[in-house]
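Structure first, commentary second.
The values are calculated or read from the model by the stated rules, or taken from the named source; none is laboratory data. If you're wondering where the values come from, they're calculated on a predicted model, not measured in any experiment. Using ideal geometry, Cβ is built from the backbone for each residue, glycine included, and neighbour counts are taken over all protein chains shown. Surface accessibility is based on the protein's heavy atoms, side chains included, excluding ligands, DNA and RNA. Shrake-Rupley method; radii C 1.70, N 1.55, O 1.52, S 1.80 Å.
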Amino acid sequence: MKKVITYGTFDLFHHGHLNLLKRAKALGDYLVVGVTTEDFDINRGKLNVQQPLMERVRQVKETGLADEIILEEYEGQKIDDIQKYGISIFAIGSDWRGAFDYLKDYCEVVYIDRTEGISSTFIREQTQMVTLGIIGRGTMADRLVSECGHVCGMQAGAVCNDPGDSQAALNVMEMSDAVYILAEPARRGRLVRNALEKNCHVICESPVSLYGDETKDLYEYAQNRGLVLFDAIKTAYFRAFSRLVLLVKGGAIGRVKSIDAACTSMQPSNSWFYNSESKGGSLADWGPFVLLPVFKIFGLDYKECSFICSMDNDRDSDMFTQINLLYPCGVANLKTGYGVKSEGSLVVSGTKAYIYVPSPWWKTEYFEIRYENFNNNRRYFYKIDGEGIRYELAEFLRLVRTGERNFTISSDMSQKISGVMEKFLSNKNKYFI
Ligand code: C2G
């Protein structure tokens, strides 16, 4: 029996895929088809696959051409599979010509002419190209245009680099399907409302607003208009961070007793909004990041919240803030700083072990689970490409396209983040050093 193997994502299945499978099948008596997992695709930079894995597997199965379907999960798996399944021929489309010549040491390699004029990318882009307007300036705004280029189906649109110019901002909204709001904290709520009124989907840096009730209203308004309001704490969309949370929730370190996180830098990333009017400061800028692991792991129902902060009197904004959150079962000690440096690590302490994420933990690619017996320590690594913004953009685009509401940062969590900012501004439980 001559066994043939081929691999693919098979997203938005089309006749190019069908032709490939037919021709691969015709090369032998038995066809094994490897379908790529989400992790495998993200790892190789293929973001924005629209369909979940099992849907793509079902599509391949329905062709009736595959005698066996396996999952492609890791680099180098092809060699394993060729040996494991006794493969005689590896077949793949001619767009890969040369890429798999190394497999000739293990079996025959056949590049099948690719079907011209159709691709999953083409289908995605033709049906749902989303134009993303940018309202804001600074390093993040500069990076956004290039990061959009890595998210197929999304293109950067008009830019308003002065969020204070309301007409210019409205013009961008009118020309966009969605807008990314990078404004000073005090201005975000109004800009989000304006964008939603202009029927734009909104991705907004966190906090979405400085007041819990305002954030709640904005999410309800977006929901009622069938729009996406998306809280953009990019760490939440990194696979390392989401795996860390799953491990903790799965009991990998026992019961969690404390979470310690710090985010500091010498220079504000958006120094232009550090003043009392814009309500910018270290907490407004870094607070959502340090709150993220706490709200994900301990939940939203803390009992007490207190602040110890040091003010930059020239700017009338906080240059250093320690936030203490008390939960029924644990405590969070968080630090934010501009002009005050600290170790930017994340430590989640548990009754069996602790998780250590080295600085800059908010750009989490690597973390360890550390046990009493360090021989049992476990290490995890999930590569991040570029600035990491593409992952939040890809997730935002998925929600815009599918209309699904399974947010990584729920509206409740977003409200809670705004609520902490509101508490800080109200000077409740706030002490100065
Ligand atoms: N294909 C084709 N004609 C098209 C589109 C795709 O012949 N118009 C072929 C591709 O060359 C590939 C298969 O159909 O052999 C699946 O294509 P994709 O789903 O785009 O998968 P790809 O990203 O090429 O994944 O490790 C190798 C990968 O798994 C291949």
Filter the range 67-126 down to residues that are in a strand (DSSP E or B) and charged (D, E, K, R) and give me whichever is least open to solvent (accessible area, probe 1.4 Å). 72
Considering 297, 369, which residue is free of Cβ contacts under 8 Å to residues at least 60 places away in the same chain and closer than 17 Å to residue 248 by Cα? 297
With respect to the numbered conditions (1) within 29 Å of residue 386 (Cα to Cα); (2) among the hydrophobic types (A, V, I, L, M, F, W, C); (3) in a helix (DSSP H, G or I), which one is the sole condition not fulfilled by residue 18? (1)
Hits in the range 1-14 (condition: surrounded by fewer than 22 Cβ atoms within 10 Å (Cβ to Cβ) and either more than 17 Å from residue 95 (Cα to Cα) or more than 8 Å from the ligand (Cβ to nearest atom) (or both)): 1, 2, 3, 12, 13
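Which ones in the range 341-366 are assigned to a loop (DSSP other than H, G, I, E, B) and open to solvent by less than 50 Å² (accessible area, probe 1.4 Å)? Before you say what the answer is, go through the steps one by one.
Here is the first cut: in the range 341-366, the residues assigned to a loop (DSSP other than H, G, I, E, B) are 341-345, 351-353, 358-360, 364-365.
Within the range 341-366, 342, 344, 345, 353, 358, 364 qualify.
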Which residues, counting only those in the range 381-394, are open to solvent by less than 40 Å² (accessible area, probe 1.4 Å) and either farther than 23 Å from residue 287 by Cα or part of a strand (DSSP E or B) (or both)? 385, 394
Any idea which of 46, 78 is within 15 Å of residue 4 (Cβ to Cβ), within 9 Å of the ligand (Cβ to nearest atom) and in contact with a strand residue (DSSP E or B) (Cβ under 9 Å, 6 or more places away or on another chain)? 78
Of the listed residues (237, 302, 221, 327), the one being buried (at least 16 other Cβ atoms within 10 Å of the Cβ), in contact (Cβ under 8 Å) with a residue 12 or more places away in the chain and closer than 30 Å to residue 47 by Cβ is 237
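Filter the range 21-33 down to the residues that are part of a loop (DSSP other than H, G, I, E, B) and open to solvent by 50 Å² or more (accessible area, probe 1.4 Å), then identify the one that is farthest from the ligand (Cβ to nearest atom).
The extreme case among them is 29.
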Regarding residue 36, is this residue within 22 Å of the chain's Cα centre (by Cα), at pLDDT 95 or above and near the ligand (Cβ under 8 Å from one of its atoms)? yes
Kindly indicate whether residue 56 is more than 9 Å from the ligand (Cβ to nearest atom), of a type in the set (Lys, Arg) and either modelled with pLDDT of 95 or more or surrounded by 14 or more Cβ atoms within 10 Å (Cβ to Cβ) (or both). no
Could you say which residue among 156, 178 is among the aliphatic types (A, V, I, L, M) and open to solvent by less than 10 Å² (accessible area, probe 1.4 Å)? 178
Mind listing just one residue for me: the one in the range 395-415 that is out of contact with any helix residue (DSSP H, G or I) (no Cβ under 6 Å at 6 or more places or on another chain) and not in a loop (DSSP other than H, G, I, E, B) and, of those, most open to solvent (accessible area, probe 1.4 Å)? 412
Which condition number does residue 317 fail, the rest of (1) at pLDDT below 95; (2) small (Gly, Ala, Ser); (3) touching an Asp or Glu at 6+ places or on another chain (Cβ under 9 Å); (4) open to solvent by less than 10 Å² (accessible area, probe 1.4 Å) being met? (3)
